[in-house]
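Heads up: the structure comes next, in structure tokens.
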Amino acid sequence: MISHDSYLESLSGKPSISIEMVCLGNICRSPLAAAVLHNKALEIEAPKIVVSSSGTSNYHIGEGAHKLSVKTWQNAGYEYDHTARQFSRNSFGDQDLILAMDLTNRAMILNAAQSDEERAKVFMLRQFDPQLSSIDPTSRSGELLQVPDPWGETIDSYEKVLEMVERAVDGLIARLTA
């Protein structure tokens, strides 16, 4: 079995790293996370980070991001274009990292994986938050790694998601550029 640490080390020195953010519907959390990573990645020279996002469900295929997600990332100064799509098994071949927003979606992604190599690519986004990086997603504390779904909530919930995502993305970039 491949450890997450050794897998991340194997990415060191790659000129380009492909990362897919995954939530349930691909209209709230994962496009918001993709917007943050896309914009922050433009500020670093190497590696080149290519960002995509998807949802484990087929509820919103072809739709844009939720209006409050868009408003939240635009208010924070990020620009990003998004069209919802469903997570595909092809992502295991196309992506270097697959970052789940919650434990349910992580489990669905892992269930689709067919090898230890594929499973090694799957992380919770918030595992890269320096304050949470010691938490094992399979432990009782794993719930602390979840990015709550703001769908149906007010913009305040989307802004809280943004704060969580920004901390995790900053930690991710620090890890990939170390």
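Could you identify which residue out of LEU110, LEU42, LEU32 has the top mean-square fluctuation in a GNM of the chain using Cα springs shorter than 10 Å?
In this elastic network of the chain, the residue with the biggest mean-square fluctuation among LEU110, LEU42, LEU32 is LEU42.
Apply the a/c threshold of 1.5 to the C-alpha gyration tensor of the stretch 77-134 and tell me whether it is rounded, prolate or oblate. If you can, show how the numbers build up before the last one.
Details: a/c = 1.86, a/b = 1.10, b/c = 1.69.
Judged from the Cα gyration tensor, the stretch 77-134 comes out oblate (a/c at least 1.5, b/c at or above a/b).
Tell me the label only: which of (i) 28, 18, 14; (ii) 23, 18, 16; (iii) 36, 20, 13 is semi-axes √(5λ) of the Cα gyration tensor in Å as calculated from this structure?
(ii)
Please go through the stretch 1-99 and write out the GluC sites (Glu not before Pro) that DSSP classes as loop and that have at most 13 other C-beta atoms within 10 Å. The partial results should precede the final answer.
Details: sites: GLU9, GLU20, GLU43, GLU45, GLU63, GLU79; in loops: GLU43, GLU45, GLU63, GLU79.
Here the sparse-neighbourhood loop sites are GLU43, GLU45, GLU79.
Values quoted throughout were computed directly from the atomic coordinates according to the rules given, and no laboratory measurement underlies them. Since the model is a prediction, treat every value here as computed from it, not as a measurement. Note that each Cβ is placed from the backbone with ideal geometry, even for glycine, and that neighbours are counted across all protein chains shown.
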